[in-house]
Amino acid sequence: VSVGRVLRRIAWALVVVVGVTSASFAIALVLPGDPARMLAGPQAAAADVARIREAYGLDLPVWARYERYWARLVHLGPPIVAGAPRDRAHASCASLGPVHVDLGFSATYRRPVVDLVAQRAPRSLELGLAALFVQLALGAALGLVAAARRATWIDDAAIGAALVGVSAPTFVIGLVLQYLLAYRLRLLPYDGFGATAAEHLRSLVLPALTLGVYGAAIYARLVRDEVVLAAGSEFAQTARAKGASNARVLVVHALRSALLPIATLAALDLGALVGGAIVVEKLFRWPGVGQLAVDALVNHDGPVIVGAVLVSSTAMVVSLFILDSLAGLLDPRLRRAANADPSRH
Amino acid sequence: LFVTAIGAAVGRTDVGAMILVLGLAAWTATARVVRAKTLETRGLDFVTASRALGAKPLRLIARHVLPATLGPVLVLATTMVGQMMLAEAVLEYLTVGVQPPRATWGRMLHEAEPYLASRLGLVAAPGLAIVLSVLAFSRVGDGLRDALEPRQAEATRRSFPFDVCVALAALLFVAAATPSAPRPPHPNQVASASTTGHGGTLRVATYLNLRSLDPTLGYDEISTAIDNLVFPRLVGWSREGKIVPELAESVRVSEDGTTYTFELRPHVVFHDGAILGAGDVKRSLERLLARTTPSPGASNFSGIKGFAAYHAGKAAGLEGVRVVGERTVAIDIDAPDASFLARMTLVFAAPVCPSMGRAVDTHSAALPCGAGPFRFVSWDPERGIELARHDGFYDPEQGRLDRIIWSINVRPETQRFELEDGVLDYARDLTATDGATFRASPAWREHARWSPRLSTWGIALNTEIAPFDRVDVRRAVAHALDPSVLERVRPDLVAVDRILPGELDAGNAAGTLRRHDGAAALEAMRAAGLAFDPATGRGGWPHEIEFVAVADSWDQMAGEIWQQQLARIGIRLRLRLATFAAVSTEVARRREVAMSTLGWNADFADPSNFFEPNLGSAAIADEGSSNVSFFSDPKLDALLARARTTLDPEARRALYAEAERIVADQAPWVPTNSSRTLEIWQPYLKGYAPSPLLPEDFRGVWIEDGTEREAMLGALTLRRRVRGRR
């Protein structure tokens, strides 16, 4: 893989992120409703609302705000020491040595957006990875069982179960799981994030399971179809001829050939999950990007909307980038093709 | 998420736009899968062979690559169908979706969610429909593939639909999991009838999200309730609805009613150790009204002398607040104002610690500091707030608990579970269904109370937009509405016929002010020249009137009821759902919305607070108007002005009774109902008495056997941990 190609991809990724950020800036502006009114509360007098609009700079012209956003996004300044009083001009920055990152200031949370986002993005990543793990494990298991007992009632039942999972909204799955596992059996906490590492892991189970049950269907079907297809192919027959057991043929040889489409979907899913699993995060009080973004959309908190979109688009771009780097590893045939014919890539 | 945001900007739309939004959100998955599969196929031998034979790229794609991608794409398509239907149910959280009266399965699911616990059928019906259609699509997909890709055509066909059976079994399972009656509360260890006690940690929760704790900024139910414990004012409310001295020992009003002199209590200690003096009162009011403070409540104090100059940043100090002595402060107001003391009970006017500065720093989220019986210990925006007793408080009767842990953002369903487990000691956010099961449980009944709220809800008729610019049409609407239907639908609503809640009105405007009377409504329509014949459905107002409502709220439900009731007198409503932000901005804009719901929660318990912001012509603005009826009546204005300066309570009450009659006659605002809250608390929570004036007033409350309770909670968490490990 040449350096030039990587650079080109990074440049494209930047273009995508900048474009999406600008568009979300526009969205934050055209959302129906008045952000100052949302800050003031429904019963505030008109004069007080106007005062609030001015105090948070919501009366500035659009271009001034847009220009300021990009000018401040990455700039230089004195290093910020945690806990020390901040320079007024750098009140909403996070610093990495002299390099400052500024995503603006959230009027609803009264905190810098960069802090909010930095705090929540890892939690969404964590939930995303856990959910993806459940999806893949459940999906692969159901898919393999269905493929092994192809065209029997087991096949039907496995795929049917997976499809029921995808047809139930997450809030129903989530509430049922919460009722059973937390209320009835008292195995898990109802919601939240936990204070210690052990509590934290236990809190992770319910949201990850909910998302996992919901998302497993697509993998189950994909695995089943690809494995059935591959099991009939020549290399599988060769393996069988050499004495491999049926299970070995399915898992080692056939599943392997299905890895690429699965990884493609998984990368997309991960990108989307890090961008926020809106309902599940809300349901289980998981403080991730999704919850942040929904609240920001409801409260018309422009800087937070833009910040959350920036994070989710970056997550998407990064996970696709990783996928592309791994594609060759997953499917050797692809590697050969790319090497043989680089001009067509 | 990005596309979701676009959707949120679009809001409620038609089906076409919805398809576009959902399609935009999902096309990338297909694109990536096709790309991956294409790359894979391209390297295969038969493609290379074909290329060697001179096939053109387009032919290669059509002939070899497309068929290969078909399988995964079909898989995606057949499962995505279901996901898309569900996506709408999720997007509805952001009020993205089709407008009623058009119904979709997604919307049905979304609207059924609050009733999950009691009416599972509401979820099961659209759920089953979606499951069946997903299975159907999946089979069509299978068939298509078998037809197009004979390589792997399956030999046997199923004779029995096992997948459908699995779907039905899952539904039955969900249906069987209907919640049971609540577990009884944890028994009292010691059945003591003691009337005093102290100590313990109180655990409460709210479903609301807390935004600010600063008393000058917080303007919502939850921050006010919490701030009440932390920031006493100079004067406050007693349970009987009288204004009583709090931090002040006494209040004197001058003869002409323009000067209030407050004598402060000695030895009041702030949480940071400072002693409250007259200067702190002046500083705190100046902090509230400073030019850079974005307080939503500043204009409540516009009557103080020198307000305009100071608020605009033109004067160095607030002229009207004078430090007379070390513990004596005098406030001058421009004109006599019977509501002034009531305004001083607002949390905005609370004295705050010297360490909080002379103006509010919008960029600082430091914990505020006051002089109340409790102080803030920590605030985690994701979990909640912790309060501890302030031992320096002058009245130990008011601060008995050791700590209060106030969780935020907790769903009502979770609160119910936690209340049963004894993790929560008090709840007021339970869903209607859960509330009903608790009221039905004999063990809990004694500890559940409906408490009224100082609020009035109704319909605002924009008097500047046809047909509501005609008083007869407004009267017709007032007669046609029958709010008693609301009581049957929701146990927490109480039908009313007037603006002032009972606590403020004291039965003064005797008799019924507005009667539901269909005949009178039709008569009024005739008087307006819009005669309607209910038998034939002819006549009435010829156009549809848009009724704007906040989606998934009481608004929407009430709107649907009013729609039916008004159709009987020839006024046809079309419901338009939008977000709270959009609705609150639109209704406050001149000549924009003809009809909407109007709800008002008392800021302070005085009749003026109901009339002046909602019906006085001074409250009309082109943008952000709080008088959303845009009702301007010189007679009412004069009456309200007189009531404001009338200090005699009896005379004042008579004036407001007269104002009430004018509003009932002119009908710019048709009051329909007020609301009440179901409060439930554990038997070991002692000394709590609900009050409409002081919601969630935990001063004077204590937990019996506080230490044992803590041990029990510890055991509960431990048990969960052990079982979880196993």
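So for chain A, what percent of the C-alpha to C-alpha distances run longer than 39 Å?
30 percent
Treating the angle as unsigned and between 0 and 90°, give the value, to the nearest 10°, between the Cα long axis of helix B:634-645 and the longest Cα principal axis of chain B.
50 degrees
Output the Cα-based Rg and Dmax of the stretch B:437-577 in Å, rounding Rg to one decimal and Dmax to a whole number.
17.7, 59
Per residue, how much accessible area does chain A show when a 1.4 Å probe rolls over the protein heavy atoms, in square angstrom?
It amounts to 41 Å² per residue over chain A.
Please give the helix A:197-231 orientation as an angle from the longest Cα principal axis of chain A, in degrees from 0 to 90, rounded to the nearest 10.
For A:197-231 against chain A, the angle is about 40 degrees.
In terms of modelled amide H atoms, which long-range or inter-chain residues lie less than 5 Å from the amide H of B:VAL244?
Amide H neighbours of B:VAL244, under 5 Å, 5+ apart: B:GLY236, B:TRP237, B:SER238.
Rounded to the nearest 0.05, what FRET efficiency is calculated for B:ASP391 and B:MET712 with R0 set to 41 Å and r the Cβ-Cβ distance?
After rounding, the FRET efficiency stands at 0.95.
So which GluC sites (Glu not before Pro) in the stretch B:431-497 pass both tests, a DSSP loop state and at most 10 other Cβ atoms within 10 Å of the Cβ?
Taking the stretch B:431-497 and a limit of 10 other Cβ atoms within 10 Å, the loop GluC sites (Glu not before Pro) found are B:GLU446.
If each Cα of the stretch B:509-575 is one equal point scatterer, what is log10 of I(q)/I(0) from the Debye formula at q = 0.21, 0.26, 0.28 Å⁻¹?
-0.90, -1.08, -1.15
Quick one: angle between helix A:289-299 and the longest Cα principal axis of chain A, in degrees between 0 and 90, rounded to 10, please.
With rounding to tens, the tilt is 40 degrees.
With all distinct Cα pairs included, what does the Kirkwood hydrodynamic radius of the protein assembly as shown come out to in Å, to one decimal, could you say?
That comes to 32.2 Å for the protein assembly as shown.
Only counting protein heavy atoms at a 1.4 Å probe, give the residues of the stretch B:348-394, ordered by number, whose accessible area falls by 50 Å² or more when the other protein chains are present relative to the chain alone.
B:THR362, B:HIS363, B:GLU382, B:ARG383
State in Å² the accessible area per residue of the stretch B:616-682; use a 1.4 Å probe, count heavy atoms of protein chains only, and round to the nearest integer.
Heavy-atom SASA per residue in the stretch B:616-682 reads 37 Å².
Just to be sure I understand the interface: list residues from the stretch A:149-164 that lose 20 Å² or more of accessible area between the chain on its own and the complete protein assembly, 1.4 Å probe.
Residues meeting the cut-off: A:ARG150, A:ALA151, A:TRP153, A:ASP156, A:ALA157, A:GLY160, A:LEU163, A:VAL164.
In whole percent, how big is the carbon plus sulfur part of the accessible area of the stretch B:68-110, probe 1.4 Å, protein atoms only?
73 percent
With a 1.4 Å probe, how much accessible area is buried between chains B and A, both sides summed, in Å² to the nearest hundred?
Between B and A, the summed buried area is about 10100 Å².
Measuring from the lowest to the highest alpha carbon on each principal axis, how far does chain B reach, largest first, in angstroms?
In descending order, the Cα extents are 107, 74, 58 Å.
Distance check, please: which entries in B:LYS242/B:LYS282; B:LYS305/B:LYS635; A:LYS282/B:LYS282 exceed 31 angstrom between their Cα atoms?
The pairs that break the limit, which is 31 Å between Cα atoms, are A:LYS282/B:LYS282.
Would you calculate the convex hull of the Cα atoms in the stretch B:620-664 and tell me its volume per residue in Å³?
76 Å³
Relative contact order of chain B, please, whole-number percent, based on alpha carbon pairs below 8 angstrom and at least 6 residues apart.
15 percent
Can you give the Kirkwood hydrodynamic radius for the stretch A:92-174, in Å, rounded to one decimal and based on Cα pairs?
For the stretch A:92-174, inverting the mean 1/r across all distinct Cα pairs yields 16.5 Å.
Could you sort B:ILE408, B:ILE61 by their accessible area in this structure, using a 1.4 Å probe and putting the largest first?
Putting B:ILE408, B:ILE61 in descending order of accessible area: B:ILE61, B:ILE408.
Sequence-distant or interchain residues sharing an amide H contact under 5 Å with B:GLY392, placed H: which?
none
Send over a whole-number figure in Å² for the accessible area per residue of the stretch B:510-605, probe 1.4 Å.
That works out to 43 Å² per residue.
Which value in Å is the Kirkwood Rh of the stretch B:12-139 over different Cα pairs?
17.2 Å
Mind ranking B:ASP142, B:ASP665 by accessible surface for me, highest first, 1.4 Å probe?
Of B:ASP142, B:ASP665, the descending order of accessible area is B:ASP665, B:ASP142.
So, in nm, how far is label A:ALA141 from label B:ARG252 when the simple model puts each one 7 Å beyond its Cα toward the Cβ?
Between A:ALA141 and B:ARG252, the label points sit 8.1 nm apart.
At a temperature of 37 °C and a viscosity of 0.692 mPa s, determine how fast the stretch B:318-441 diffuses translationally according to Stokes-Einstein, using the Kirkwood radius over alpha-carbon pairs as Rh; express D in µm²/s, rounded to the nearest whole number.
176 µm²/s
The values are calculated or read from the model by the stated rules, or taken from the named source; none is laboratory data. Note that this is a predicted model, so its numbers are computed, not measured. Methodologically, a virtual Cβ is constructed for each residue, glycine included, from the backbone with ideal geometry; neighbour enumeration extends over all protein chains shown. Just so you know, the surface numbers come from the protein's heavy atoms only, side chains and all, with ligands and any DNA or RNA stripped out. Shrake-Rupley method; radii C 1.70, N 1.55, O 1.52, S 1.80 Å.
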